[in-house]
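Only one structure is covered here, and it is reproduced in the block below.
Only the coordinates and a few stated rules stand behind these numbers; no lab work does. Just so we're clear, the structure is a prediction, and the values are computed from it rather than from any experiment. Here the Cβ is made from the backbone with ideal geometry for all residues, glycine too, and neighbour counts use every protein chain on show.
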Amino acid sequence: KTATLEPHELEDRYFMLRVRIDGGDLTTEQLRVIGGISTDFGRDTADITDRQNVQLHWIRVEDVPEIWRRLESVGLSTTEACGDVPRVILGSPVAGIAKDEIIDGRPAIEKIKKELLPDPEFGNLPRKFKSAISGHARQDVTHEIQDLAFIGSEHPEHGPGFDVWVGGGLSTNPMLAQRLGVWVSIDEVPEVWAGVVRIFRDYGFRRNRNRARLKFLVAKWGIEKFRQVLEEEYLDKPLLDGIPLEVEPGSRDHLGVHRQKDGKFYVGVKPTVGHATGEQLIAIADVAEKFGISRIRTTPMKELLFLDVEEEDIPALSRALDETGLYSQPSEFRRGVISCTGLEFCKLAHVTTKARAIELVDILE
């Protein structure tokens with residue numbers, strides 16, 4: 001009906017609320033609070049997204065102050081999770097724990113989140129801005145479709161750091177990100193991040209919203225000019241040349257059982273198309289705590305990872321998580337299926353997608 005109804009006919013008194021989870025870093029306490037908000041205010045809806053967020057629906061504006069109070073009590077917020085702003089920063093779900101990690105990107109994510117995001121200068125961009133920081137060898141943050149991405153790279157002289165990619169994005173004019181041709185250290189990531197955002201703010205195409213993403217500016221300028229403007233106008237210094245980065249062709253998800261560098265294990269499980277309920281999130285938090293787990297990560301593949309698992313607990317934990325509606329050993333169909341929000345909650349959709357995707361997976365299996 002969006003093609004035939006007037007805007008005032010499409011107005012609704014309910015909202016979608018997105019909880020910002022930079023780097024997918026959650027505690028069981030935080031997950032339980034999100035689940036409680038869902039059951040109390042969101043008709044028991046919850047979607048784990050491909051940007052490591054959790055989206056809640058059926059939210060009334062009258063309930064938002066109490067929702068904010070609950071989120072802030074456990075260190076969460078909805079700040080700049082929507083709008084023409086820097087959205088949640090994707091991060092490797094196994095940052096700091098993976099044996100095959102090149103470098104831990106969490107310090108850069110934390111600095112950007114605490115020191116740069118609150119600055120009003122980043123609050124009115126031409127369009128949304130999506131970024132990612134991962135030091136994992138498996139390149140697990142879909143860097144090819146981000147406005148800006150920092151991907152772990154070992155420099156022959158300077159050691160572990162990041163290769164920089166700009167100008168990716170999908171939608172109606174899909175473009176893959178391009179290498180900026182530079183290598184940056186972990187300490188340089190926040191200033192380079194800020195420099196790229198400022199270029200977008202100052203030079204982005206504001207007059208045409210359909211062409212207002214950074215990818216259109218990169219396509220117009222070319223990568224050489226983009227790097228020159230960044231270095232000369234925004235950083236006042238040249239950046240080190242990077243070495244060509246080979247794109248990891250294999251699977252980038254973290255499903256299954258993997259050994260951490262401290263000897264413990266992490267277990268990756270799948271909720272089909274990221275769909276969950278508030279009651280389910282609470283049950284998942286209960287299971288995790290029963291096994292002494294306090295750290296959980298969301299992923300760009302809409303998975304949940306449970307960290308710091310003792311080896312002897314893996315079989316029982318997997319069975320308990322399966323009982324909550326998760327899948328510890330998903331088929332390739334369930335592992336790979338993805339769905340947009342669909343007609344249930346999206347004004348631009350024509351059909352229901354998530355329920356259909358779940359039904360399709362069951363049929364294929």
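A few comments on the model shown:
- P(r) histogram, all alpha-carbon pairs of segment 236-291 included - 10 Å bins from 0, percent: 15, 29, 26, 16, 13, 1
- Cα-based values for segment 4-87, radius of gyration first and Dmax second, are 13.5, 45 Å.
- Helical contribution to [θ] at 222 nm, DSSP H n ≥ 4, -39,500 (n - 2.57), averaged over the chain, rounded to 500: -8000 deg cm²/dmol
- In units of the rule-of-thumb radius 2.2 N^0.38 Å, segment 1-150 shows an alpha carbon radius of gyration of 1.14.
- Bridge orientation summary for the chain: considering DSSP beta bridges with both residues in this region, about 85 percent are antiparallel.
- The value obtained for the chain, namely the Cα convex hull volume divided by the number of residues, is 145 Å³ per residue.
- The Cα-based radius of gyration of segment 230-365, divided by its Kirkwood radius, gives an Rg/Rh of 1.11.
- Under 30 Å of direct C-alpha separation, and excluding same-chain neighbours fewer than eight residues apart, LYS99 reaches these lysines: LYS111, LYS113, LYS114, LYS130, LYS261, LYS264, LYS270, LYS290, LYS302.
- Loop sites in segment 96-151: trypsin sites (Lys or Arg not before Pro), DSSP, at most 13 other Cβ within 10 Å: LYS99
- Centre separation in Å (Cα based) which lies between segment 287-365 and segment 17-61: 15
- Using a Förster distance of 35 Å, the FRET efficiency for GLU231-ARG209 (Cβ separation, nearest 0.05): 0.75
- Spherically averaged projected area of segment 66-169 from its Cα convex hull (nm²): 7.9
- FRET efficiency, 1/(1 + (r/R0)^6) with R0 51 Å, evaluated for ILE223 and GLU359 via beta carbons: 0.70
- What the Kirkwood sum gives for segment 148-276 is a hydrodynamic radius of 17.0 Å, with every pair of different alpha carbons counted.
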